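Notes to accompany the following structure.
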Amino acid sequence: MHDGVTSYELLQFLHVFLFVFWLGPDVAVFAWGRKAVEPGASVEQRLVAGQMMTLVDVIPRAAISLMLTVGGLLSEYVGLEHPWWQMAGIVLLGPVWLGLVLVSVLRDGTPFGATAQRVEAGLRWLLIVLVPLSVAYSTVTGRLAMAPYVGAKLLLFAVVLLFGHLLRARLKPLREGLAALGSTGPSAALEETLRVSLARSRPYSLAIWVALLAAAFLGVLKPGVPEALPDATTFTINR
């Protein structure tokens, strides 16, 4: 028994909180996208839907930016210890990444905002490469022996980042088409561009949701954990 909330319980709550605010708004962005290409809707309604896509998309982007930091801190409580320099990087990653997201949104349309957006994209690509390499090294050296499911979750995170890049590329014609819709009005060619862009993005949206649900499933079941490993709550109290 213990009084108050332990650091482990707080990190667990933050982990679930970020998952909810990643998946939920991501589904909402897709729903607004369907409204944006709806032929029966007025131009004004479709433009508002496009604006809502951009606004709501900030929420999952913010959640993504903090997920590795919270997950890295949480992994300490299942026996995955990190050297000080690695822990420093884990702690700094979230605030820096979140700062890039906020600057790119709040300063959108300015050179500073464009720079922040490019740096964030570069950071994502860097993580797409480094996370699988880190998992491979940790697997070979036995660091993941106590919690092998953490490696699988990290790989799914890298896959989601990759799918996110592909998704944005497929949605670019949709965003550009909505801008043209506001300035020149609807046309048959523009309607086809909007429809095709959303249709091509759909598989990546679905793949991201499946990967997120799979990661959540692994986090609940914790497959591969040795039976002798003490319960994480007990581990926290004893610390």
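Tabulated results
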read-out	value
Cβ-placed point charges (K, R +1; D, E -1), dipole of the chain about Cα centre in debye, nearest 20	640
Most mobile listed residue (Gln86, Gln51, Gln117) in the chain, GNM with C-alpha springs under 10 Å	Gln86
Cβ-based charge dipole, the chain, positive-most Cα from Ala147, Leu133, Gly72	Leu133
Segment 37-100-segment 179-209 distance, computed between alpha-carbon centres (Å)	24
Distance-filtered residues of segment 177-203 - backbone nitrogen under 19 Å, label point 7 angstrom along Val43 Cα→Cβ	177-195
For Trp209, Trp85, order by how many other beta-carbon atoms lie within 10 Å, fewest first	Trp85, Trp209
Alpha-carbon gyration tensor eigenvalues x 5, square-rooted, for the chain, Å	39, 18, 17
Ile64, Ile208 arranged by Cβ crowding within 10 Å, fewest neighbours leading	Ile64, Ile208
Neighbour-count ranking [beta-carbon atoms within 10 angstrom, fewest first] of Asp108, Asp57, Asp26	Asp108, Asp57, Asp26
Fully extended contour minus Cα-Cα distance, from Leu106 to Leu213, at 0.36 nm per residue	35.5 nm
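The numbers here are math on the coordinates, done by the rules we state, and not lab data. Given the structure is predicted, the values throughout are model-derived calculations rather than measurements. Counting neighbours? That spans all protein chains shown, and the Cβs are built from the backbone with ideal geometry, glycine included.
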